[in-house]
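See below for the structure under consideration.
The values are calculated or read from the model by the stated rules, or taken from the named source; none is laboratory data. Quick caveat: nothing in here was measured; it's all calculated off a predicted structure. Note that we place each Cβ from the backbone using ideal geometry, even for glycine, and neighbour counts take in every protein chain shown. Only protein heavy atoms, including side chains, enter the accessible area calculation; ligands, DNA and RNA are left aside. Shrake-Rupley method; radii C 1.70, N 1.55, O 1.52, S 1.80 Å.
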Amino acid sequence: YFTTKQQTANALNTLAKGIKNAEKYNQIDLLQMLKFRVYNIYLMQKDYVKAKDVLLNLVNDKVLIQEPLNKKITYQQLASVNEILENYTEALDWQKKVNALSDSIQNANLIEKINELEVIHQTNEKQKKIEWLEFQNQQSDLLNKNKQLQISLLIGSIVLISIITLL
């Protein structure tokens with residue numbers, strides 16, 4: 001609420017209380033998200049040095065960055081903050097890490113998509129095989145019915161010829 005109302009001092013106070021409670025109750029994930037919100041407040045205040053420190057602490061905690069997408073976002077923010085602070089070498093290093101993560105995320109997504117398509121392909125192949133077997137069963141049923149009909153007609157014909165012969 002305070003962030004959207006641009007009341008950064010109140011937002012920092014509220015976030016500090018939240019961080020204290022998250023630490024007290026050992027809610028690590030919530031703690032990391034609250035710290036990232038603190039980073040956003042410092043960014044709004046244009047206090048880029050404090051913002052960078054918060055991000056570096058998040059990277060050192062290694063909780064938030066366990067998820068590749070969160071890691072990418074954090075690294076991207078570090079690259080941006082370093083660029084604003086005119087630490088171009090450090091910004092470039094962070095951007096290289098972002099690019100490497102982007103590539104690995106894309107590769108993982110590609111592999112996942114390939115696996116999904118492979119499952120779909122295998123399912124389709126199995127479905128085709130099932131349909132083919134059902135078709136063959138129907139054909140064999142029809143052949144059996146035709147043979148039974150032929151046998152019935154043959155027996156009927158023999159009986160009819162026998163009756164005619166007897167008469």
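Please go through segment 60-80 and give me each residue that is open to solvent by 60 Å² or more (accessible area, probe 1.4 Å) and without any contact (Cβ under 8 Å) to a residue 12 or more places away in the chain, ordered by number.
Hits for segment 60-80 are Asn60, Lys62, Gln66, Glu67, Ile73.
Would you be able to say whether some residue in segment 85-103 is touching a Pro at 6+ places or on another chain (Cβ under 8 Å) and part of a helix (DSSP H, G or I)? Give the derivation first.
Within segment 85-103, the first condition is being touching a Pro at 6+ places or on another chain (Cβ under 8 Å), and the residues that meet it are 101.
Subsequent filtering for residues that are part of a helix (DSSP H, G or I) retains 101.
Yes; the residues of segment 85-103 include at least one that is touching a Pro at 6+ places or on another chain (Cβ under 8 Å) and part of a helix (DSSP H, G or I).
Quick grid of which residues meet (1) without any contact (Cβ under 8 Å) to a residue 60 or more places away in the chain; (2) among the aliphatic types (A, V, I, L, M); (3) open to solvent by less than 70 Å² (accessible area, probe 1.4 Å):
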residue	(1), (2), (3)
Tyr1	yes, no, no
Lys46	yes, no, no
Leu58	yes, yes, yes
Asn82	yes, no, yes
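Output the number of the condition that Lys128 fails; it satisfies all remaining conditions of (1) within 26 Å of Asn40 (Cβ to Cβ); (2) open to solvent by 90 Å² or more (accessible area, probe 1.4 Å).
(1)
Suppose we keep only residues that are touching a helix residue (DSSP H, G or I) at 6+ places or on another chain (Cβ under 8 Å) and of a type in the set (A, V, I, L, M, F, W, C) within segment 95-117. Which one would you say is least open to solvent (accessible area, probe 1.4 Å)?
Step one: filter segment 95-117 for residues touching a helix residue (DSSP H, G or I) at 6+ places or on another chain (Cβ under 8 Å), giving 95, 97-98, 101-102, 104-105, 108.
After this cut, where a residue has to be of a type in the set (A, V, I, L, M, F, W, C) as well, the list is 98, 101, 105, 108.
Values: Val98: 4, Leu101: 25, Ile105: 37, Ala108: 55 Å².
Top of the filtered list is Val98.
In the list Asp103, Asp141, which residue meets the criterion of being within 30 Å of Leu78 (Cβ to Cβ) and either charged (D, E, K, R) or touching a Phe, Trp or Tyr at 6+ places or on another chain (Cβ under 9 Å) (or both)?
Working: Asp141 fails: within 30 Å of Leu78 (Cβ to Cβ).
Going through Asp103, Asp141 in turn, the sole match is Asp103.
Taking Thr89, is it loosely packed, with under 10 Cβ neighbours inside 10 Å, on the phi < 0 side of the Ramachandran plot and either of a type in the set (Ser, Thr, Tyr) or over 28 Å from the mean Cα position of the chain (by Cα) (or both)?
Numbers: loosely packed, with under 10 Cβ neighbours inside 10 Å: yes; on the phi < 0 side of the Ramachandran plot: yes; either of a type in the set (Ser, Thr, Tyr) or over 28 Å from the mean Cα position of the chain (by Cα) (or both): yes.
Yes; evaluated as a whole, the condition is true for this residue.
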